[in-house]
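The structure appears right after this line, and notes come after that.
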Amino acid sequence: MVTSARLAQGASFKTGWILLLVVSVLMTLNHLVLIFALNQPILFLGWTAFNLYAVLVLWFPFRQGQRWAWGASWMLVVAFASIIFFDRQVGPLYLGAAALIVVGLLLTASAFFLRPFPGAQG
């Protein structure tokens, strides 16, 4: 029999998850607008797809407590923080978004790692 492990979603998890979701949704909308506003539509189409994927991961598997989703969400931090090396003008904005994502991930970490692994003997 397969059972799904549900997270004990306390205030810290909900705050972190909402923070992650808000940053991802806002960055998705930002990049969607930039597709039409700037001269590099392919670049911003890629960023939009990346952020939309992040929103879907956060909405479904992350919220269900799948640990791989928590680990995969660190790719947002890496991607956003790395922009500082390529564009000093908008880099601080992306670095700030990366910092907010780190805070959100750290707020949710206890819900993922302070519970037994599925199938572990109690």
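Side notes on the structure shown:
- As a summary of the residue check, residue 98 satisfies the conditions (1) loosely packed, with under 15 Cβ neighbours inside 10 Å; (2) modelled with pLDDT of 95 or more except for the one numbered (1).
- The residues of the range 31-54 that are among the aliphatic types (A, V, I, L, M) and touching a Leu at 6+ places or on another chain (Cβ under 7 Å), listed by number, are 35, 54.
- In summary, residue 85 fulfils each of the numbered conditions (1) modelled with pLDDT under 95; (2) farther than 20 Å from residue 14 by Cβ with the single exception of condition (1).
Quick grid of which residues meet (1) touching a strand residue (DSSP E or B) at 6+ places or on another chain (Cβ under 9 Å); (2) surrounded by fewer than 15 Cβ atoms within 10 Å (Cβ to Cβ); (3) of a type in the set (Val, Ile, Thr):
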{"residue": "55", "(1), (2), (3)": "no, no, yes"}
{"residue": "60", "(1), (2), (3)": "no, yes, no"}
{"residue": "78", "(1), (2), (3)": "no, yes, yes"}
{"residue": "93", "(1), (2), (3)": "no, no, no"}
{"residue": "111", "(1), (2), (3)": "no, no, no"}
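- Condition met for residue 36 (at pLDDT 95 or above, in a helix (DSSP H, G or I) and crowded, with 18+ Cβ neighbours inside 10 Å): no
- Unique residue being small (Gly, Ala, Ser) and within 17 Å of residue 17 (Cβ to Cβ) when the list is 91, 71, 46, 96: 71
- Among the residues of the range 80-91, the one identified as crowded, with 18+ Cβ neighbours inside 10 Å and not aliphatic (A, V, I, L, M) is 80.
The values are calculated or read from the model by the stated rules, or taken from the named source; none is laboratory data. The structure presented is a predicted model; accordingly, all values stated were derived computationally and were not measured. When we count neighbours, we look across all protein chains shown, and the Cβ atoms used for this are built from the backbone with ideal geometry, even at glycine.
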